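Asks: Below is a structure I'd like to ask you about.
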Amino acid sequence: MDREAPEQGGRGAAGVTSTSIGRDGGQGTSGADAKPAKEAAATRRTRRRFARRQWARRWLSLRYVLALLLVLALLGTSVYLVFFSTTLQVKRVEVVGNSLLSDARVREVADVPVGDQLALVDLGRADARVGSLAEVASVDVTRTWPDVVRIAVVERTAVAAVELAGRLRGLDADGVVFRDYKAVPKGMPRVRPGANAGTDALREAATVVSALPDDLVTRVDHVEVATVDQITLVMRDQREVLWGSAEESELKAEVVDKLLAAQQAPYYDVSVPGNPTYRTTP
């Protein structure tokens, strides 16, 4: 009895090619087909990275351009507001610190042009004009944005009264004559300059009066000024104190205060404060 021939496709049959089955049941892909797919994916990733880098560079350049445009716009707006806009024009001149001078007088002398651009106002000119007034000890002219010029005045304070050319004037601590009086204010000493007493002698007399303590200055009736180094205090009780010059005035004030209390005499001499004297005759 003849044996049956082997079944077609059997394991190990000659001339027959076997087909491998993948784990998922499908036919497996050969290595030659997988390589081009990987290369294509890598190329796409490279192109995407390149595109991102290109966009980043373009955005960086664009950002600088936008920032420059913004700065130019802000600069242009600022220039317009400061130099051309009515928003920053002078609308008011404010005066503070004055009592002897009226606001109108200070504004007139300052001559600040209302309606001009605030940034272009010549503050130095206004400062110099107001500072030239005799009543003004110091002045500060400033801009107050958006539309005000502020003039802060410090006026002089009189330490004595002096009669010059028939007018009773105020004399400040620097020897500047700056105001009129109808009568000598209560408690204020009066300076009587001699024929040879010039502006320097008045300045010396003002220094002397300024050095006197309050309780002593109220006891002084007047100050006689012959020359810069011949100054005499005449007290309200008619006692006289030869002061000399204004040098060492603070020390002299301490000495004369003690001397008047310790010794009763019509005449005193503190021109040399280290060796004060008193006498009964001129």
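Asks: What value in Å³ per residue do you get for the convex hull of the alpha-carbon atoms in the range 181-249? Before the final figure, lay out each step's value.
Replies: Numbers: hull volume 6.2 nm³, N = 69.
Per residue, the Cα convex hull of the range 181-249 comes to 90 Å³.
Asks: Here's something else I'd like to know. Keeping every protein chain present and rolling a 1.4 Å probe, give me the accessible area per residue for the range 174-252 in Å². Walk me through the intermediate numbers first.
Replies: Numbers: 4070 Å² over 79 residues.
That works out to 52 Å² for each residue.
Asks: What is the ratio of the Cα radius of gyration of the range 121-247 to 2.2 N^0.38 Å, with N the residue count, to two decimals? Numbers along the way, then the final one.
Replies: On the way: Rg = 17.6 Å, N = 127, 2.2 N^0.38 = 13.9 Å.
Ratio of Cα Rg to 2.2 N^0.38 Å: 1.27.
Asks: In terms of solvent-accessible area of protein heavy atoms at a 1.4 angstrom probe, what is the ranking of 59, 145, 243, highest value first?
Replies: On the way: 59 110, 145 135, 243 0 Å².
Greatest to least solvent exposure: 145, 59, 243.
Asks: Using the C-alpha atoms of the chain, what convex hull volume per residue, in cubic angstrom, is computed?
Replies: Dividing the Cα hull volume of the chain by its residues yields 347 Å³.
Asks: While we're on this one: Using the Kirkwood formula on the Cα atoms of the range 90-166, what hydrodynamic radius do you get, in angstrom to one decimal? Could you put the intermediate results ahead of the total?
Replies: Details: mean 1/r = 0.0760 Å⁻¹.
Final number for the Kirkwood radius of the range 90-166 is 13.2 Å.
The values are calculated or read from the model by the stated rules, or taken from the named source; none is laboratory data. The structure presented is a predicted model; accordingly, all values stated were derived computationally and were not measured. Calculation scope for accessible area: heavy atoms of the full protein, side chains included, ligands and nucleic acids excluded. Shrake-Rupley method; radii C 1.70, N 1.55, O 1.52, S 1.80 Å.
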